[in-house]
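*Asks:* Sharing a structure here in C-alpha cells format.
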Amino acid sequence: MFVYISVFNLVRSILHFWCKVAVKLQTSTELTNDSSLCPPFSLCLSVPLYSSVSVCTGDITQKGYEKKRGKLLAPYIPQIQGKTHSLGQTARIQASSQAVHPGSKHNKSRAPNTRDERFRSDLHTEAVQAALAKYKERKMPMPSKRRSVLVQSSVEACTPPDTSSASEDEGSLRRQGRLATSTPYQGHGHPAVEHWFNRVIQGSSTSSSASSTSSHPGGRSVTTTNTTAHAALNANAAATVLADLMAHTQLGVPVNSRVSSKIQQLLNTLKRPKRPPLREFFVDDFEELLDGKLTPDPNQPKPEGQQMSPLEGDHLGLVNKWPPSLPAALQRWGTTQPKSPCLTALDNAGKPVYTLTYGKLWTRSQKLAYTLLNKLSTRNEPLLMPGDRVALVFPNNDPVMFMVAFYGCLLAELVPVPIEVPLTRKDAGSQQIGFLLGSCGVTLALTTDACQKGLPKAQTGEVATFKGWPRLLWFVTDGKHVVKPPKDWHPPIREASNDIAYIEYKTSKEGSTMGITVSHSAMLAHCHALTQACCYTEGEKDTLVTWRKLSGWCVMNRMHVISIPYSLMKVNPLSWIQKVHTYKARVAVVKSRDMHWSLLAQRDQRDISLSSLRMLIVADGANPWSISSCDAFLNVFQARGLRPEVICPCASSSEAMTVAIRRPPEMGVPPPGKAVLSMGGLSHSVIRVDTEEKLSVLTVQDVGQVMPGAVVCVVRVEGTPYLCQTDEVGEICVSSGSTGVAYYGLPGMTKNVFEVRTIPVMSSGVPISDRPFTRTSLLGFVGPDNLVFVVGKMDGLMVVSGRRHNADDVVATALAVEPMKFVYRGRIAVFSVSVLHDERIVVVAEQRPDASEEDSFQWMSRVLQAIDSIHQVGVYCLALVPANTLPKAPLGGIHISETKQRFLEGALHPCNVLMCPHTCVTNLPKPRQKQPEVGPASMIVGNLVAGKRIAQACGRDVAQLEDNDQARKFLYIQDVLQWRAQATPDHPLFLVLNAKGTVASTASCLQLHKRAERVAAALMGRLNTGDHVALVYPPGIDLIATFYGCLYAGCVPVTVRPPHPQNLATTLPTVKMIVEVSKSVCILTTQAIMKLLKSKEAAAAVDIKSWPMVLDTDDLPRKKSPQMYKPPTPEMLAYLDFSVSTTGILAGVKMSHAATSALCRSIKLQCELYPSRQIAICLDPYCGLGFALWCLCSVYSGHQSILVPPLELESNASLWLAAVSQYKVRVTFCSYSVMEMCTKGLGSQTEALRLRNVNLSCVRTCMVVAEERPRIALTQSFSKIFKDLGLSPRAVSTTFGCRVNVAICLQGTAGPDPTTVYVDMRALRHDRVRLVERGSPHSLPLMESGKILPGVKVIIANTETKGPLGDSHLGEVWVSSPHNATGYYTVYGEEALHADHFNTKLSFGDTQTMWARTGYLGFLRRTELTDASGERHDALYVVGSLDETLELRGMRYHPIDIETSVIRSHKSIAECAVFTWTNLLVVVVELEGSEQEALDLVALVTNVVLEEHYLIVGVVVVVDPGVIPINSRGEKQRMHLRDGFLADQLDPIYVAYNM
C-alpha cells in the first residue's frame, strides 16, 4: 500500500511539474513550427488530473473510461519521453483547461455530479476533446482591442514596441497587465536575427507602397521620414540572414510591428486549407456568377431502405361516463366533488399558498363568465359576444387565477388567447404578439390585480399601449371585480364541437407570431388520448413544473396538480423533487433543464424518495441533449427509489400537441431505445447507425409510441410530401382528432401545414389517405419496435451547402468545450444567415464577466475547431456578448429570431467576435483566368468589324479660335504681369477673404508687380539663376507675389503647404522632404512660419539644422531689381509642382514656360475668362489645378479672383457660398472636401442662409477640382440641398487632371450638360464596360468628368499592349496637349525610367503622336448630344486610378466601390478605406457612435463585401472618426493609412482578423 501511494504521489508531482513547465513555456517562449506533440501532452495533462481523484459519472463506466484514455494515449507515450524539448509548443487552448492542479483543495472536494450534464454526455465531451487534440496548432491572431476599452493599468497605456514579426504566438501571448519580456527566436540558432531584421527592413513598410502599388514611382513615399540609405548598405550583408528569416515566416512579410505579425499568423492559418473546397466553377460575367445549389457530392450517403408505411397508434378505447366536453367535466366535479383539490400553488419559498378545489374553480369560473358577458358594455351594447377572442395575461407564478380565467372564458363561450406578461415596451417579440392580438380582434385583456399594477403605465395612469399592440381594455379578474350570477343564470354546457376553444401562439423561425386554433373536440380527444396513453386514474396526484398546456387533462380526470413556478425552480432547483416526496405524487412533468438543475443541488438532500413515481414525463424529450440529463438523473436518483422504466420522454409541437410518449411500465411496452447515429449521415437526412467510439455521432433516445387514435408518417422536408424511406430522416406528420386546426387568419399557411397539401404521397404519387395530416415541425424517423425518434426541429434546421445541420446539435458541441469557465450554460444561440447564396452558421453566447479576453478568444477558437471536426461544417461567425444582454424569450431562454435580427442590423453589441469566412465560403466564383495575349492589331480589326470607332476625342482647336487675347503675344507669364502693370495698373486681380467674410487683402496688377519686384531684388544678390526656391506660405497674396518674384529673378519656385502648428510631428516631415527632394537652396516664408521651422517643437520632428537658407519676406526693402531675367527659350523650367498622390507617393512634375502659358490659355477659352469677370476659388493653392487657378490664370486672363482659403471654412462653413452670392459670381471652383463640409455643415441651415439673403441663382458653373472618379452621390446631395437657395442642378460638374496634365477636362461655360451612364460593376472588374439601365443589379453610376479642354487630345489605350481601344472600352486614358508636364522631377535622377509616362507612343495605328499616360482607367463614349462646334459630343468617363486598383482573385477592384458598399452597411460608419496587404483585403472603418458598436461592424462589413463584391475580407479595423488621412483635394490617402496600420500607429478601437 505504501509503495502504491509513493508511486502515485511521484507520478502526480511529475505531472504537476510539467503543468508548471507548460504554463511557463507558453507565456515566455516562442512557439516553433513543429507542433505535433501538442495533443498527447495536453491529454496527459488533462485526463489523469481528473481521473486520479474521482470517477466522473455519466454514461461510461470507470473501466470504459480507463480503456478509452489508454487507447487515446497509447500512440504518444514514447514520443513524450523522447521529445521533451518541444513541450513549449503545448496548445494554449489545452493549458486553459488546467486551472485546477492535482493537489488543489478544490479538486479533492469535487463531487461526482458537479459536471455539466444538461446538454451532453461524457461521450460527447470526450469526442470534442479528441477532435480538438487532432488539430495541429495553427497560429491564430487574436483580435486587438483598444487598451482604453479594456481599462488597463497605466504601465500599458502605450503599446510597447515589438522586436520581431513573430513576437506573439497564437492568440497574443502578451497577457493583460503583464509586459512581454520573452526573447524572440529563442532556441532557433539565430541570435542576431532580430538585429539584422530590424536593420534591413527599417522604413520598408512605407517605401514598399512605392514599389508594390505605384506605376508612377517618380518620387518617394511621404511617410518615409528617414532615408533608407543605411538599409541599402547593409542589404547585401543581411541577405542570407533575411532569406533564412523569411523561410521562418514562410511568406516573408518583412515588417516590424505587432499588427503585421498578426497578419502573418493569419496568412499562415489560411495558407493550407484543411480540406479541399467544393468544386469551383466559372460562368461568363454577364450570366449569374454564383449558384446557391452546388453540385451534389456523388459519394454522399443515400437512403437505401424501403418506403415506410404509416404507423398507427392504439385504437382509442371507449370510456364509461366520459363527459361530453371539458366544461361538462368541470360542472360534474364542481358539483359532485366540490372539496376535491384541483390545484395547489406554491410561493417562492416552496410553501403552499392556495389550494383551488373543484368547487371553487366551478363557482369562480361561473362568476367570471357571467361578469364578462353581462357587466362589460360600451354605449349600452355588450362588449363581448360568444366567439370573441380575449387575451389572458397572467404571470407564471399564478396558475390559480389563470385556470379560473381560462375556464371562465370557456363557460362564457369566449376564446382565450394566453400570452406572457409584457414587462417593458421593448420586450423581445412583443411587437409580434401585438400583431397576433390585432389580427385576432382582441379588445379585452384579463389579468390579476398585482400584475396590472406592475405593467408599464402611460401618463394618464392607464396601462401603456405596447408597440404594435391594439388598444386593449384591461379587466382584473380578482374576486371584488366579478359579480355573483343570479340563481336563474346557468352557463351553456354544450357537447364538444369543432368551434375554436382557445388560441395558442407560436413564434416561427423568422420571428413572426402565429395563433394556432384548437377546437373543443380536439381538446377532448387530446385528454382522451393522454388518459389512455398514461393510464390515468381518477383523483391521481400530479406534480407539474409547467401547467398551462396541461390544465385540460387534469380537470377531465379530477387530478390534483401541484404547480412549481419557474421563479421557485431558480431559487431551489430541488423543489419539484421535494414536492413529489411530500405529496407522494405518482406523475411528474418536467423538462430536462429541471433535471439538470436538481443534479447540481441534490447533495444537500439525503431523505427524499421518488419511489411513488410511476411516470416521470420529460416534456422536451425530443431535444438531443435530453438523453444525457435523463441518464445522469437516473444514475443519481436510482438510489432514492427512482426506477429506470419510470422516465418517459415525450415529443410535442404547437401544431400537433402531443405526438408521442413513452408508456408507463405497466402497459407491457418494449424497452426504451437508444440510437447512436452518424452526424455525417444525418446531415444528408440519412440514418446510419455508428459506434460510440466515433467522434461525430449523435446519441438520441426514443420518445415512445404514437398517441392512441393517431396515424404518424415521416415525409420529405422539401417539395411534395413523399413518404420517406425507412432509413431516411424527414418531418413527422400526424393525422388525429387531437391536433390543432389552423393558423388563425392565415389560410395559405394553414393549407400547407394542416390541410390539403400535407396528405403524404407514396413514391407512385398516390396519396396514402384522404384524411389531412398535420406537419409537426419535428424531424425524425420511426425506429425498431415502432418507437418514434426525434433528431431535431424545423425551426433549428440550417441547410449549409446542401447539408442539414441542427442548431441544437451545434449548441451541444459548443457546450462540450469547457462551458462553465467562459460562457453561461443555456445562453447560447445558434442560427444561420444567408450570405452569398448560401446559409452561414452564426453562434452567439453570453460571456461570463470574469472571463479574460484571451481566455474567451481561446475558447472561441476551440469551439470553431470542435464544430468543424464533429459536424464537418465551418462556423461563419462566433460572437460573445456581455451577460444578460441577449433578448429573452418569455420562459427565460434566448429569443433566437430577435437575436438574429439584432445581428443582421448591427445591434447585438458583442464584446468578442471571431469571423471565419475563409473556412465557410466555398462557393466563390472561380478566379479570373487571364486570356492569351490579343495583339493591338487584332483589337483594332475587331473594333472595325464590330462597327466601333477608335476611342479618341479632342477639345476645340486652339489655333483656329479667334479671340482678342492680348496675352498670347507674350511667351512668359511674368511678361504678362509686367504688361498688365503698365496697361491696367489699378485693375484688381486678387481679393482674399478671411473667416468673417471680410476682405483680408487685395492686389491690383501694379501692386502685385511691385511686391514681386521686391522679392526678386532680395533674391538676385543671394541666389543664382535656375536655383530652386521653396515658397512656404499660407494661402494669400504673399504666395502669389513671391512666385512671380522668383520668376523675375530667374529662380524656379516650388510651392509648399506650411506645417500645421498643432500637428508638427506629421506635417513638418512632409515640408522637409519636399524641400530636400526639390533641391531647394532657399526657403521664402513669413516671420511666424520661420520661427516655427526653427522652434524646439520642430526639432523633435526633423533636423532643423539642415534647413537651407530661410528668408522672411514680411519686411523687404522697397527697391527694384536691377533687371528682369529673360529665359532663353519657353521650353525652360518655369516651376515645380509637388503633390502627394492617393497612393502615398510624393511626385514632383516639371512645368515649362510654354506649358504654363498654354494651360492658362486653354482654361481661359473653356471658362470664357475676361478682365470684366469675377470667379470664386475655394481651393488650396499648392499644386495642380488649384495652384494654376490661384497664381496663374488671373494674371493671364485679367479676371478678378475672389480667393477663399478652405481652412477658413472650418470656423465658418457658409463663407464660400456667402461670397459667391455677395459678388454674384458666375464661375466658381471648389474641392470635394469643401463640398462635403458645406453639405454636412449647412444641410440643416438653408433656411437661415436664405434669411441672410444668400442666393446662388447667379452660378452658371460650379466645378469640383479632382484627380479621381466623380463622386456622384456628393455632387447630387450638394445640388439638392442648395436648390432652395437658387442653385441650378445643371451647374455642378467636375474637372479631371492628374500629374502628367493638371487640366484635361473642365466643364466650362459652353457645351452640353454632363452626362451620366450606368455600368455593370462586375464587368468593370474584368476591364470591360457594359452599359445597363439605372437601377439594374450591380449597376454603378458614372458621371462625365467635364469637357475636354481646347488643344487637348485624349485616347484610350490598352494597359498592356498599348494599342488603341474602341468606343466604350475600358483602358488607360492617354493625353496629348501643349500644357502636358515635361516629366517627373526626382532626387534620384531616374527620369529616364519614367519617361514613357510623359513621352509614349501607340504600338499600332497612329504611332507618331507623343502621348502622356495619366495612370487612370476610363472610357470614351460618343453621345447623342452636340457640342459648340455642332459635332457629336464625346464624353470621357474616369473610372479610377490604376495605382489604386486592387488585384484580387484575378480581377481589378476599385477601392471606392468596396468602400461605398461598406459605408452603406451600418449607420455608424462615417468613412471607410480599403487596401491590400499580401493578398489580404483590409477594411478600415471610422466609427461614429459609441465604442460598444465597434464589434457589430465586423460581421456587417464582411457580409456586404462578400455579397456585393465576392471578396473575403481579411482584416477589419475599427477606428475613431478622422483617422483615415485625406489630402487637400478630399482624396483618401490609403497607402498612408496602410503604413500607419502596419506600424501600429492608428490606435484602433478594434482589429478583427477573419480566419
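The values are calculated or read from the model by the stated rules, or taken from the named source; none is laboratory data. The structure displayed is predicted, hence computed values, not measured ones. Every residue, glycine as well, gets a Cβ built from its backbone with ideal geometry; the counts of neighbours run over all protein chains shown. Quick note on the areas: whole protein, heavy atoms, side chains included, nothing else; ligands and nucleic acids left out. Shrake-Rupley method; radii C 1.70, N 1.55, O 1.52, S 1.80 Å.
*Asks:* Counting Lys and Arg as +1 and Asp and Glu as -1, each charge on the Cβ, what is the dipole of the range 1265-1313 about the Cα centre in debye, to the nearest 20?
*Replies:* Approximately 80 debye in magnitude.
*Asks:* Dipole of the range 404-546 (Lys/Arg Cβ +1, Asp/Glu Cβ -1, origin at the Cα centre): which of Ile500, Pro456, Gly408 lies farthest to the positive side?
*Replies:* Towards the positive end, the residue furthest out is Pro456.
*Asks:* List the trypsin sites (Lys or Arg not before Pro) within the range 365-449 that fall in a DSSP loop (any state other than H, G, I, E or B) and whose Cβ has at most 16 other Cβ atoms within 10 Å.
*Replies:* Qualifying residues, ordered by number: Lys375, Arg379, Arg425, Lys426.
*Asks:* Right, here's the next one. By how many nm would the segment from Met1109 to Asp1284 lengthen if fully extended, with 0.36 nm per residue of separation less the alpha-carbon distance?
*Replies:* Result for the pair: 57.7 nm of gain on full extension.
*Asks:* Using +1 on the beta carbon of Lys and Arg, -1 on that of Asp and Glu, and nothing else charged, what's the dipole of the range 365-496 about the Cα centre, debye to 20? Write down the numbers at each step before the final one.
*Replies:* Details: 14 positive and 11 negative charges, 66 e Å.
Dipole about the Cα centre, nearest 20: 320 debye.
*Asks:* Here's a follow-up. Just in the range 412-482: which GluC sites (Glu not before Pro) are loop by DSSP and have at most 16 other Cβ atoms within 10 Å?
*Replies:* Glu462
*Asks:* Would you pull out the residues with amide H under 5 Å of Asp1544's amide H, same chain only if 5 or more places away, H placed 1.01 Å from N?
*Replies:* For Asp1544, the qualifying residues are Val259.
*Asks:* Tally Lys and Arg at +1 and Asp and Glu at -1 over the other residues with C-beta under 15 Å from the C-beta of Val1254: what net charge comes out?
*Replies:* +2
*Asks:* Now a separate question. Please list, in chain and number order, the residues 5+ apart from Val881 or on another chain whose amide H is under 5 Å from its amide H, with Hs placed from the backbone.
*Replies:* Here Ala845, Glu846, Gln847, Cys911 satisfy the definition.
*Asks:* Over the Cα atoms of the range 722-878, how large are the radius of gyration and the largest Cα-Cα distance (Dmax), in Å?
*Replies:* Final numbers for Rg and Dmax: 19.7, 61 Å.
*Asks:* Also, quick follow-up: With both bridge residues required to lie in the range 1229-1379, what share of the DSSP beta bridges run antiparallel, to the nearest 5%? It would help to have the intermediate numbers written out before the result.
*Replies:* Values: 14 of 19 bridges.
Antiparallel bridges make up about 75 percent of those DSSP assigns within the range 1229-1379.
*Asks:* Counting Lys +1, Arg +1, Asp -1, Glu -1, what net charge surrounds Lys1120 among other residues with beta carbon under 10 Å of its beta carbon?
*Replies:* Overall, the nearby charge balance is +3.
*Asks:* Which value, in Å² and to the nearest 10, is the accessible area of Ser1244 when all protein chains are kept and the probe is 1.4 Å?
*Replies:* Accessible area, nearest 10 Å²: 110 Å².
*Asks:* Same structure, new question: Check which residues have an amide H placed less than 5 Å from Leu1111's amide H, if you skip close sequence neighbours.
*Replies:* When sequence neighbours closer than 5 places are left aside, the close amide H contacts are Ile1083, Leu1084, Thr1085.
*Asks:* Per the Kirkwood treatment, what hydrodynamic radius in Å, one decimal, follows for the range 457-522 from the mean inverse distance over all distinct Cα pairs? Spell out each step's value before the answer.
*Replies:* Details: mean 1/r = 0.0609 Å⁻¹.
16.4 Å is the Kirkwood radius here.
*Asks:* Ignoring ligands, DNA and RNA, what percent of the 1.4 Å accessible area of the range 1199-1348 is carbon and sulfur? Please report the intermediate quantities before stating the final value.
*Replies:* Working: 2640 of 5380 Å².
Accessible surface attributable to carbon and sulfur in the range 1199-1348 totals 49 percent.
*Asks:* Label points 7 Å out from Cα along the Cβ direction at Ser769 and Ala983: separation in nm?
*Replies:* 10.4
*Asks:* Towards the positive end of the charge dipole of the range 1423-1555, with charges on Cβ (+1 Lys, Arg; -1 Asp, Glu), say which of Leu1487, Ile1524, Met1535 has the farthest Cα.
*Replies:* Met1535
*Asks:* Taking a threshold of 23 Å on the Cα-Cα distance, which of the pairs Lys453/Lys509; Lys351/Lys584; Lys591/Lys888; Lys453/Lys487; Lys1072/Lys1094 fall above it?
*Replies:* Lys453/Lys509; Lys453/Lys487
*Asks:* Which whole-angstrom value gives the distance between the alpha carbon centres of the range 1440-1485 and the range 882-912?
*Replies:* So the two Cα centres are separated by 30 Å.
*Asks:* Let me ask another. Report the local net charge at Gln974: Lys and Arg +1, Asp and Glu -1, summed over other residues whose C-beta lies under 12 Å from its C-beta.
*Replies:* 0
*Asks:* Same structure, new question: Please give the direction-averaged projected area of the C-alpha convex hull for the range 1135-1239, in square nanometres with one decimal. Before the final figure, lay out each step's value.
*Replies:* Working: hull surface 29.0 nm².
Average of the hull's projected areas for the range 1135-1239 equals 7.2 nm².
*Asks:* At q = 0.24 Å⁻¹, what is the log10 ratio I(q)/I(0) for the range 1433-1517, with the Debye formula run over Cα points and no solvent?
*Replies:* -1.18
*Asks:* While we're looking at this one, here's another question. How large, in percent, is the carbon and sulfur part of the accessible surface of the range 1048-1105 at a probe radius of 1.4 Å?
*Replies:* Looking at the range 1048-1105 in its full context, I get 57 percent from C and S.
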